[in-house]
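Comments concern the structure below.
The values are calculated or read from the model by the stated rules, or taken from the named source; none is laboratory data. Treat the numbers as computed from the prediction; the structure is a model and nothing was measured. Cβ placement follows ideal geometry from the backbone for every residue including glycine, while neighbour counts extend to all protein chains displayed. We work out accessible area using only protein heavy atoms, side chains counted, and drop any ligands, DNA or RNA first. Shrake-Rupley method; radii C 1.70, N 1.55, O 1.52, S 1.80 Å.
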Amino acid sequence: MTNMTRGLLAATAAIALAAPAFAADYTFRFQSSDPAGNPNFVLHQSWAEEVTELTDGRVEIELLPVESIVAHNETQDAVATGILDGHITDLSYFSGKDPAFGLMGNPVGAWSDPEQMLDFIENGGGGELLNEIMNPYGLHFVGAITPGLEALVSAVPMDGVDDLKGVKIRAPEGLVQNVFAAAGASPVNLPGSEVFTSLDKKVIEAADYTVFSTNQAQGLNDIAPHPVYPGFHSMPLVEISMNKAKWDAMPADLQDILTQSVQDYARRLIQSLAEADEAAVAEAEASGEITIHDWSDEERAKFRGIAQGEWEKVASQSPAAQRVYDTLTTYLNDKGLIQ
């Protein structure tokens with residue numbers, strides 16, 4: 001190798017080291033409704049990293065934990081104005097803007113399986129409707145994910161709707177509380193931080209809280225040994241949405257990749273949390289100290305029928321909520337989930 005060749009190679013290497021890293025075509029900043037370190041947040045980060053891989057580095061998403069830029073219920077405005085580029089958050093947080101967001105975000109009693117909700121969004125008109133409602137607010141709905149169907153914490157045996165009558169149950173204000181009251185229960189408005197103590201002191205007999213594995217890890221099933229699993233009442237829709245103008249500025253191939261990535265991620269998330277629930281259920285059953293109650297399809301449909309009356313009340317509150325109600329009930333009717 002000549003001195004000239006060595007010199008050219010050295011110069012080339014020096015230029016390569018000095019050159020800046022390849023910049024993405026699109027760099028976005030999203031805020032999550034989960035705190036850093038939370039299992040959901042870690043999983044959401046994996047989705048953001050996957051987007052970079054799927055787009056060969058053309059799209060990079062920086063995911064920030066809750067409250068990093070704005071409050072959890074202010075991200076919709078922040079995305080619309082460009083303070084944030086997107087968010088991953090519970091849709092029902094924005095029911096104050098339009099009750100349609102609350103009804104779509106958690107139509108209590110509607111779903112018995114996460115796949116039902118995803119099918120409604122992807123194939124039953126739900127996704128298109130959400131974009132019709134969101135677009136005027138400056139957002140584009142990319143897709144839905146969910147942690148899955150929440151189990152019900154209970155200190156008393158419950159095998160169907162009739163067993164709810166008179167039960168003092170922790171339920172947050174709004175649609176969840178209204179549906180349980182319509183079913184004959186006695187809802188109590190308590191923050192999540194007081195659920196364990198209230199069950200332990202018998203202030204309440206049951207609680208709407210979260211998925212089975214988390215309930216188990218926090219010791220709730222130890223003091224309330226009659227959980228209903230799979231649950232029948234609550235399953236939040238977590239939306240991945242972004243600024244509409246920035247979405248529209250992306251080429252169609254990147255839009256398609258992002259849309260598909262959310263659909264694929266939704267299935268991975270459900271599977272991950274379902275496996276955690278299955279392991280927790282096996283551990284709990286092996287202890288012999290709890291009895292798991294799985295409601296029949298008939299009892300789930302009965303609860304759904306009661307809930308439908310409360311959905312109707314929400315539907316009357318805005319034209320968009322009425323459209324959500326009509327689209328939702330049409331889907332449920334077509335699938336034989338309500339009559």
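Which numbered condition trips up N135, out of (1) open to solvent by less than 10 Å² (accessible area, probe 1.4 Å); (2) closer than 30 Å to N243 by Cα?
(1)
Could we say that N178 is touching a residue at least 40 places away in the same chain (Cβ under 8 Å) and open to solvent by 20 Å² or more (accessible area, probe 1.4 Å) here?
Numbers: touching a residue at least 40 places away in the same chain (Cβ under 8 Å): yes; open to solvent by 20 Å² or more (accessible area, probe 1.4 Å): yes.
In short, yes.
Can you tell me how many residues within region 59-84 are over 20 Å from the mean Cα position of the chain (by Cα), open to solvent by 70 Å² or more (accessible area, probe 1.4 Å) and not β-branched (V, I, T)?
1
Taking region 37-52 on its own, how many of its residues are under 27 Å from A276 (Cα atoms), modelled with pLDDT of 95 or more and open to solvent by 30 Å² or more (accessible area, probe 1.4 Å)?
4
Do you know which residues across region 282-317 are aliphatic (A, V, I, L, M) and closer than 20 Å to G160 by Cβ?
Filtering region 282-317 for residues aliphatic (A, V, I, L, M) gives 282, 284, 286, 290, 292, 301, 306-307, 314-315.
Correct list: I290, I292, A301, I306, A307.
When you scan region 228-252, how many residues do you find that are open to solvent by less than 10 Å² (accessible area, probe 1.4 Å) and in contact with a His (Cβ under 7 Å, 6 or more places away or on another chain)?
3
Determine, yes or no, whether Q271 is at pLDDT below 95 and open to solvent by 30 Å² or more (accessible area, probe 1.4 Å).
The answer is yes for Q271.
Scanning region 96-125 for residues that are part of a helix (DSSP H, G or I) and polar (S, T, N, Q), which turns out farthest from E275 (Cα to Cα)?
As a first pass, look at region 96-125 and keep what is part of a helix (DSSP H, G or I): 99-105, 114-123.
Those still in the list that are polar (S, T, N, Q) too: 116, 123.
Working: Q116: 18, N123: 26 Å.
This residue is N123.
Given the residues E285, E278, which is the only one that is more than 19 Å from the chain's Cα centre (by Cα), closer than 20 Å to S112 by Cβ, of a type in the set (D, E, K, R) and exposed (fewer than 15 other Cβ atoms within 10 Å of the Cβ)?
Working: E285 fails: closer than 20 Å to S112 by Cβ.
That would be E278, the only listed residue that is more than 19 Å from the chain's Cα centre (by Cα), closer than 20 Å to S112 by Cβ, of a type in the set (D, E, K, R) and exposed (fewer than 15 other Cβ atoms within 10 Å of the Cβ).
Among the residues of region 253-266, write down those that are touching a helix residue (DSSP H, G or I) at 6+ places or on another chain (Cβ under 8 Å), of a type outside the set (S, T, Y) and open to solvent by less than 10 Å² (accessible area, probe 1.4 Å).
L258, V262, A266
Please state which one of E173, E194 is out of contact with any His (no Cβ under 8 Å at 6 or more places or on another chain), charged (D, E, K, R), modelled with pLDDT under 95 and assigned to a loop (DSSP other than H, G, I, E, B). Write out each step before concluding.
Working: E194 fails: assigned to a loop (DSSP other than H, G, I, E, B).
Just a single option satisfies the conditions, and that option is E173.
Output the residues belonging to region 87-110 that are open to solvent by less than 10 Å² (accessible area, probe 1.4 Å) and over 18 Å from P172 (Cβ atoms).
Within region 87-110, H87, I88, A100 qualify.
So, in region 288-312, exactly how many residues are more than 25 Å from the chain's Cα centre (by Cα) and buried (at least 16 other Cβ atoms within 10 Å of the Cβ)? Give the steps one after another, and end with the answer.
So the first thing to find is which residues in region 288-312 are more than 25 Å from the chain's Cα centre (by Cα), and the list is 288-291, 298.
After this cut, where a residue has to be buried (at least 16 other Cβ atoms within 10 Å of the Cβ) as well, the list is 290.
Residues meeting the conditions: 1.
Take the conditions open to solvent by 10 Å² or more (accessible area, probe 1.4 Å), modelled with pLDDT of 95 or more, more than 24 Å from F196 (Cβ to Cβ) and not in a strand (DSSP E or B) and apply them to P157. Does it pass? Give the steps one after another, and end with the answer.
Values: open to solvent by 10 Å² or more (accessible area, probe 1.4 Å): yes; modelled with pLDDT of 95 or more: yes; more than 24 Å from F196 (Cβ to Cβ): no; not in a strand (DSSP E or B): yes.
For P157, the condition - open to solvent by 10 Å² or more (accessible area, probe 1.4 Å), modelled with pLDDT of 95 or more, more than 24 Å from F196 (Cβ to Cβ) and not in a strand (DSSP E or B) - is not met.
Would region 315-322 turn up any residue that is open to solvent by less than 30 Å² (accessible area, probe 1.4 Å) and either among the basic types (K, R) or under 25 Å from Q31 (Cβ atoms) (or both)? Steps first, answer last, please.
Initial filter on region 315-322 (open to solvent by less than 30 Å² (accessible area, probe 1.4 Å)): 315, 318, 320-321.
Still in the list and also either among the basic types (K, R) or under 25 Å from Q31 (Cβ atoms) (or both): 320.
Checked region 315-322: at least one residue is open to solvent by less than 30 Å² (accessible area, probe 1.4 Å) and either among the basic types (K, R) or under 25 Å from Q31 (Cβ atoms) (or both).
If L199 satisfies all but one of (1) of a type in the set (A, V, I, L, M, F, W, C); (2) under 18 Å from L152 (Cβ atoms); (3) modelled with pLDDT of 95 or more; (4) open to solvent by 60 Å² or more (accessible area, probe 1.4 Å), what's the number of the condition it fails?
Going through (1) of a type in the set (A, V, I, L, M, F, W, C); (2) under 18 Å from L152 (Cβ atoms); (3) modelled with pLDDT of 95 or more; (4) open to solvent by 60 Å² or more (accessible area, probe 1.4 Å) one by one, L199 breaks only (4).
Inspect all residues belonging to region 159-180 and state whether any of them is aromatic (F, W, Y) and over 30 Å from N221 (Cβ atoms). It would help to see each step written out before you state the result.
Of all residues in region 159-180, those aromatic (F, W, Y) come to 180.
Still in the running and over 30 Å from N221 (Cβ atoms): none.
Taking every residue of region 159-180 in turn, none turns out to be aromatic (F, W, Y) and over 30 Å from N221 (Cβ atoms).
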